[in-house]
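Single-structure report; data block below.
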Amino acid sequence: MSIDLSVWEIVIGLEVHTELATRTKLFCSAPNEFGGEPNTNIDPLTLGLPGSLPVLNEQAVELAIRVGLALNCTIDRSVFSRKNYFYPDQPTNYQISQFDLPINGEGWLELPSGKVIGIERAHLEEDTGKSTHVGGGGRIHDATYSLVDYNRAGVPLLEIVGRPDLRSGDEARAYVSELRAILVAVGASDGKMEEGSLRVDCNVSVRKHGDAELGTRCEIKNINSLRSLGRAVDYEAERQIDMILAGERIEQQTRHWNEDEGRTLKLRSKEQADDYRYFPEPDLVELSPSQEWIDRVREALPILPAARRHRLCERSGADTAQAALIVERGLDDLCLAALDCGADPSRTITHAEHNLSDPKALELDPEMFAKLTKMDADGDLSSTQTKTVLAELVQLGGDPGEIAEAHGFKAMDSGELDAVVDQLIAENPEQWQRFCEGDPKISGFFVGKVMKATQGQADGKVVAGLLADRVPNAAKE
Amino acid sequence: MSSAIEIAAAVQSGERSAIEVLEEHLGAISERESEVHAFNLVTTDQAIAAATAVDELVAKGGPLGPLAGVPVAIKDNLCTRGVATTCSSKILEGWVPPYDATVVTRLAAAGAIMVGKTNMDEFAMGSSTENSAFGPTRNPHDLSRVPGGSSGGSAAAVAAGFAPISLGSDTGGSIRQPAALCGVVGVKPTYGTVSRLGLIAFGSSLDQVGPFANSVAEAALVCEVIGGHDPGDSTSLPQAFPAVSEHLSDGVAGMRIGLITEMMGEGIAPDVAQRIRAAAEWLAAAGAEVEEVSVPAVAYGLSAYYLVAPAEASSNLSRYDGVRYGLRVDAPTTGEMMELTRTAGFGDEVKRRIMLGTYALSAGYYDAFYGTALKVRTLIRRDFDKAYERFDALLSPTSPTTAFSFGDKTADPMSMYLNDVCTIATNLAGHPAMSVPYGLGDDGMPVGAQVLAPALGEVAMFRVAAALEGSLS
């Protein structure tokens, strides 16, 4: 990428819509399920039939409060409003959403890097149906006919509006990834971007370092994966910088991310703000959750990813990156349980980081895992042997001692290993000479030979030690 | 014709069958409906089936509801399962609801027999029933005059004896004004005491369902049957409807009743004002303390109402777009289809209010119009509350004039709007009010006295209304 980041600063703010994992829709008892036959999860309200009225789903409110608390938001008295606009997938031609008084106010989220990102608000609203435009360009304006599926209409959404505190595509990805982990942790969402459970709209602007004012922003839609998010940010930032360098003015636009072409394309100008004629939804009453309810939700909150990372670092000495990875894989509880069983901290973290990517690792018996890390640390097994035993432990379970024995793995008698080393030195005098002269490349030659001779039972580090012991003192000086 | 209470008693005792009662009313309908046009649809077959079911229940020994075998007419903006519901609009022609409104369910559970869906101003927008897409309803007392509106069909149905009771809806006076013009009792209960589920919305924060009847006692009974909490309406209050029936003969001795100054002067026909003064004098004679009281903010009621109601209506009526149900005018694109459907489906008054409301909610105008109207609403409630510190109930005319002639006010929407000047403030406050016949005007047409009360003050309201009714007999 050609952006000179010493000159330019990319400013990113994300609006994340998450479908809340409720049993029924936000204002009626039609099921909230993904993937049914079109127009099967519907009822009078979903279709906007005359005379139907909305009744707020308590479970949706509770999930919204959970997310709000997990994002350190204030939980406020809130009001639903109508956002009026005509579109066939909107059954009443207005969307019930929270406008000036959202349920969750100001909060924040901590990235694995430790950076804190502000949350402006997280409010409840209903989802729309889905239109399919057949014929023409596949758009509503020139379609031969259009089909509407109202299964999704009325599904509860929480729109989480982040502050423009993100500064790179990678940071934006880390934010969404962290947010997704929190949503999943509190049971608010399944976090599936590909099913639309999590939808990201990305506001990007650029400015020179030191500029007080933010640049004109463009909103990018249709970002369907974390990878697309990073690519879209980079593309859009570069596009804007190129325009500025060419002396052009950035127009405030909504842009569409085209995954295949790897670029953003103008959808519409936002210079003239849409007029949604918001007004308080008269069919609903003000929502003011009692302090007692909020406290109850707070007490029931699970431990969140950031707290998991901190806890793991403290207990095991893992670094931030290791902790982030292990928590993301959900292995931190296993590591802590293993530590409780006396596991070697450093080996525990190393194995969790490198050798436990298989989802079955989540079912490991912490006691057996701990035992293995101790055998590893004590030099009872070579690193190759350790990996073999661990892999089997993950797949089949069992006792690492017994697995090692079944494989015939055992720590080599030190006398035995001494003999092998001495023999190899005698057989390869030329190479030994070079080793003694300090040629770094030759060390691997001897280790490899020893491994072969012992069929992998020797520990590489031990072999290196034995070789070093045999270098004449004169050569060391 | 017998009253609802007499009919229910006779059916319950087995003295009369529900079918017999129904046939009597269907007879009255076939005799005069062609000239009155109270109904969009007479549901003869369903009514016979329902009456037969009641009679079978009688034969089996019950249990029977308080309205067993009582014919009832239902305004055509209340959803009725399997029976077309049109709001007297072309845009809903042919739509058949898959559910009953809560009030319809409760009437049926009480044993009432629906005889038909009554005509109305389109989407309840109007004061004369002249805005119906299916032609106007005529006042049974004088066919050259309007029955009032928007629930003109429901008022006329009771006045003509087509049914002893009917349901209407009141957003700015749409029950009380036609009740006054047709010489029957009409009640707008406290907002939230009667479910709106299944009522096709006009102005959601103002709409309330209520009854028409020939007597205060019948109206009270219907309120008790249809009222009370409904979990399907989020604005429904938790409590049961106030127990009004048991207080109807309490009298007014010792009650404090205020005559609203702002509703007795300019714009009120002298013969109407004279009748209301007579009502006030009679109440005083019956032992009430009666005084004039000023409720200054009601002067702004009309202006506030014509911002709030159209604003809500513009949003409520946006669902009629030809996509899912009702009328569809085909066109090459979805946008044009919606536009042509709405152009063809809505009448002039509905279009006028949609435009008014859309404008009032628009960015840059919201604060000046809708925002200000909400503040006026708060003021009106405050001024009423102040008056209710001193008075148990208030009194005024229901309508500034008796029933006017067809076409009198259609050319000038503003003169039509002024017809609601006495009724509108109650809806903005969310309070109850009812109209009770109080004699005739100089033209021999009925005059209605309006009794107003604070929120949930229905007991006081019905006591005053019952006393006024009693003074005429």
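Quick look at the values:
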| read-out | value |
| --- | --- |
| Index of the failed condition, A:Asp380 passing every other in (1) acidic (Asp, Glu); (2) crowded, with 17+ Cβ neighbours inside 10 Å; (3) within 25 Å of the chain's Cα centre (by Cα) | (3) |
| Identity of the residue in segment B:288-327, closer than 23 Å to A:Asn39 by Cβ and of a type in the set (D, E, K, R), that ends up surrounded by the most Cβ atoms within 10 Å (Cβ to Cβ) | B:Asp321 |
| Those residues of segment B:399-414 which are surrounded by 13 or more Cβ atoms within 10 Å (Cβ to Cβ) and over 19 Å from the mean Cα position of the chain (by Cα), in sequence order | B:Phe406, B:Asp408, B:Lys409, B:Thr410, B:Pro413 |
| Residue within segment B:335-353 that is without any contact (Cβ under 8 Å) to a residue 60 or more places away in the chain, surrounded by fewer than 19 Cβ atoms within 10 Å (Cβ to Cβ) and in contact with a Ser or Thr (Cβ under 9 Å, 6 or more places away or on another chain) present | yes |
| Qualifying positions in segment A:17-48 - in a strand (DSSP E or B) and under 21 Å from A:Glu159 (Cβ atoms) | A:His17, A:Thr18, A:Glu19, A:Thr24 |
| One residue from B:Gly111, B:Gly186, B:Gly135, B:Gly161 being within 24 Å of B:Glu6 (Cβ to Cβ) and touching a His at 6+ places or on another chain (Cβ under 9 Å) | B:Gly161 |
| Answer from B:Ile113, B:Ile91, B:Ile48 - the residue that is under 21 Å from the mean Cα position of the chain (by Cα) and either modelled with pLDDT of 95 or more or surrounded by fewer than 23 Cβ atoms within 10 Å (Cβ to Cβ) (or both) | B:Ile113 |
| Residue among A:Lys115, A:Lys130, A:Lys208 that is charged (D, E, K, R), surrounded by fewer than 17 Cβ atoms within 10 Å (Cβ to Cβ) and either touching a strand residue (DSSP E or B) at 6+ places or on another chain (Cβ under 6 Å) or not assigned by TED's automatic domain parsing to the domain that holds A:Trp257 (or both) | A:Lys130 |
| Members of segment B:1-42 that are under 30 Å from B:Ser128 (Cβ atoms), in contact with a Lys or Arg (Cβ under 7 Å, 6 or more places away or on another chain) and crowded, with 17+ Cβ neighbours inside 10 Å | B:Val36, B:His37, B:Phe39, B:Asn40, B:Leu41 |
| Residue tally, condition touching a residue at least 40 places away in the same chain (Cβ under 8 Å) and closer than 17 Å to B:Gly111 by Cα, over segment B:11-43 | 10 |
| Only listed residue being aliphatic (A, V, I, L, M), at pLDDT 90 or above, assigned to a strand (DSSP E or B) and under 16 Å from A:Gln253 (Cβ atoms), chosen from A:Val233, A:Val206 | A:Val206 |
| Residue within segment A:45-59 that is away from chain B (no Cβ under 14 Å) and of a type outside the set (Lys, Arg) present | yes |
| Condition check for A:Thr132: among the β-branched types (Val, Ile, Thr) and part of a strand (DSSP E or B) | yes |
| A:Gly342 being outside the structural domain of A:Gly187 (by TED's automatic domain parsing) and surrounded by fewer than 14 Cβ atoms within 10 Å (Cβ to Cβ) | yes |
| Scope segment A:25-37; condition within 14 Å of another protein chain (Cβ to nearest Cβ) and either more than 27 Å from B:Asp100 (Cα to Cα) or surrounded by 15 or more Cβ atoms within 10 Å (Cβ to Cβ) (or both); matching residues | A:Leu26, A:Phe27, A:Cys28, A:Ala30 |
| Whichever residue in segment B:89-123 is away from every other protein chain (no Cβ under 14 Å) and of a type in the set (S, T, N, Q) and, among such residues, is nearest to B:Gly227 (Cα to Cα) | B:Thr118 |
| Strands (runs of 3 or more DSSP E) fully within segment B:155-252 counting 1 or more residues that are within 14 Å of chain A (Cβ to nearest Cβ) | B:165-170, B:208-213 |
| One residue from B:Gly371, B:Gly357, B:Gly326 being within 12 Å of chain A (Cβ to nearest Cβ), in contact (Cβ under 8 Å) with a residue 12 or more places away in the chain and assigned to a helix (DSSP H, G or I) | B:Gly357 |
| Pairs, first more than 9 Å from chain B (Cβ to nearest Cβ) in segment A:267-286, second in a loop (DSSP other than H, G, I, E, B) and acidic (Asp, Glu), C-beta under 7 Å, six or more apart | A:Ser269/A:Glu251; A:Glu271/A:Glu251 |
| Segment B:15-38, residues that are touching a helix residue (DSSP H, G or I) at 6+ places or on another chain (Cβ under 6 Å) and not in a helix (DSSP H, G or I) | B:Arg16, B:Ser17, B:Ala38 |
| Residues satisfying the stated conditions in segment A:342-364, i.e. over 23 Å from the mean Cα position of the chain (by Cα) and not hydrophobic (A, V, I, L, M, F, W, C) | A:Gly342, A:Asp344, A:Pro345, A:Ser346, A:Arg347 |
| Test: B:Glu262 is part of a strand (DSSP E or B), under 16 Å from B:Asp383 (Cα atoms) and of a type outside the set (Val, Ile, Thr) | no |
| Only listed residue being outside any loop (DSSP other than H, G, I, E, B), away from every other protein chain (no Cβ under 14 Å) and crowded, with 19+ Cβ neighbours inside 10 Å, chosen from A:Glu125, A:Glu120 | A:Glu125 |
| Count of segment A:67-104 residues which are more than 14 Å from every other protein chain (Cβ to nearest Cβ) and touching a helix residue (DSSP H, G or I) at 6+ places or on another chain (Cβ under 6 Å) | 5 |
| Residue within segment A:300-312 that is more than 18 Å from the chain's Cα centre (by Cα), assigned to a helix (DSSP H, G or I) and under 30 Å from A:Ala60 (Cα atoms) present | no |
| Given (1) more than 10 Å from chain A (Cβ to nearest Cβ); (2) surrounded by fewer than 15 Cβ atoms within 10 Å (Cβ to Cβ); (3) at pLDDT below 95, number of the condition B:Arg382 does not satisfy | (3) |
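A quick yes/no check of all residues on (1) within 12 Å of chain A (Cβ to nearest Cβ); (2) under 23 Å from B:Gly173 (Cβ atoms); (3) part of a strand (DSSP E or B); (4) of a type in the set (Asp, Glu):
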{"position": "B:Ala297", "(1), (2), (3), (4)": "no, yes, no, no"}
{"position": "B:Gly301", "(1), (2), (3), (4)": "no, yes, no, no"}
{"position": "B:Val308", "(1), (2), (3), (4)": "yes, yes, no, no"}
{"position": "B:Asp330", "(1), (2), (3), (4)": "yes, no, no, yes"}
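The values are calculated or read from the model by the stated rules, or taken from the named source; none is laboratory data. Predicted model only: the values in this text are computed from it and were never measured. Using ideal geometry, Cβ is built from the backbone for each residue, glycine included, and neighbour counts are taken over all protein chains shown.
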